[in-house]
6 protein chains.
Amino acid sequence: MKISARNALKGKVVDIKKGSTTAHVQIDVNGSIVTASITNEAVEELGLHVGQSVHAVIKSSDVMVSVP
Amino acid sequence: MKISARNALKGKVVDIKKGSTTAHVQIDVNGSIVTASITNEAVEELGLHVGQSVHAVIKSSDVMVSVP
Amino acid sequence: MKISARNALKGKVVDIKKGSTTAHVQIDVNGSIVTASITNEAVEELGLHVGQSVHAVIKSSDVMVSVP
Amino acid sequence: MKISARNALKGKVVDIKKGSTTAHVQIDVNGSIVTASITNEAVEELGLHVGQSVHAVIKSSDVMVSVP
Amino acid sequence: MKISARNALKGKVVDIKKGSTTAHVQIDVNGSIVTASITNEAVEELGLHVGQSVHAVIKSSDVMVSVP
Amino acid sequence: MKISARNALKGKVVDIKKGSTTAHVQIDVNGSIVTASITNEAVEELGLHVGQSVHAVIKSSDVMVSVP
């Protein structure tokens, strides 16, 4: 499968915190932590677990730019 | 200024392509290219240019996770 | 590849309109037209063309509900 | 009221799961399940309930395209 | 029609700039300018024009918070 | 720090409701209530509290327009 989203950052799951409906998955991408807020169901269906190799996927229209 | 968006990835602008209203800014983040689709006005107001140090900023609810 | 986005609607590309940076892809999903606003680069990289079978993929946090 | 969001898919609510702040509403759209992640307050204010006819509304810039 | 999006800010259209596929609509909300990036098709279908009374509608999961 | 997001509405925090992972922050912007759905961690890191002066920040591609 290929997807139109332009950004896929390779990393490793370092933490998963499930809430009542929404989970926060932390991914170590080259030493930076990227947090994904996804459904609990997605965590289960993908079988996400700490240590797993994953990609953080982001649509370009959801990326902002900041300058100091 | 501090913002609630959890993800700020440090990088360098490597390309800016302005369209008629929307611009695509490519940022090299540790060797991965992150594309931001933002308004032309934002490009001008921030004075974005190739070689500049910036952050790619992403709200956690806009990050997905993929597995192979 | 599997992705955390919960919604993947099967359809067929019925129109592609490229702008200067952003393209609009219209997908017929069971008789309803779904419009995706994606980058021109994604259209090219996926080799999108009219008549092609694709999925419209949407993160749950981007779906709203309306009532009459 | 008319809204700029291009995509409105007609369906029926098949499940509502309220979390502590965020609810997941599942909508049957022609046999495909679409999940909307919305606030508990929206569920209450719209009076959403299983069996109800609703639309899943999605802005075009939030739709991605995938190919096999 | 009622929609789950929590935020609807009443204002007046002060500028519309159409690009090749994407338009920028500027709305004066109590003296602050809110910019909406929507499709040209939406501008036409809603018959948007300068001086018109509209609402800027935003899903809560797309709102961030910043502090000085 | 300056950010590409075009919309920053000045307001005051009037309510914070933390869920298990996601918090809802209500901001009074000139008498209109704007709800932001952000992570609990962001609420803590920014030290958000009722009465505080903040901005609600929104990317233009996340703003829709509605007409009566």
Q.
Taking the conditions exactly as written (hydroxyl-bearing (Ser, Thr, Tyr) and more than 19 Å from F:ALA36 (Cβ to Cβ)), does E:THR35 satisfy them or not?
A. no
Q.
Filter segment E:28-54 down to the residues that are crowded, with 20+ Cβ neighbours inside 10 Å and more than 13 Å from F:ALA8 (Cα to Cα) and list them by number.
A. E:SER37, E:ILE38, E:THR39, E:ALA42, E:VAL43, E:LEU48, E:VAL54
Q) Quick check: is even one residue across segment E:8-16 touching an Asp or Glu at 6+ places or on another chain (Cβ under 8 Å), modelled with pLDDT of 95 or more and surrounded by fewer than 18 Cβ atoms within 10 Å (Cβ to Cβ)? A) yes
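The values are calculated or read from the model by the stated rules, or taken from the named source; none is laboratory data. Small disclaimer: the values here were computed from a predicted structure and weren't measured. Every residue, glycine among them, receives a Cβ derived from its backbone with ideal geometry; neighbour counts consider all protein chains shown.
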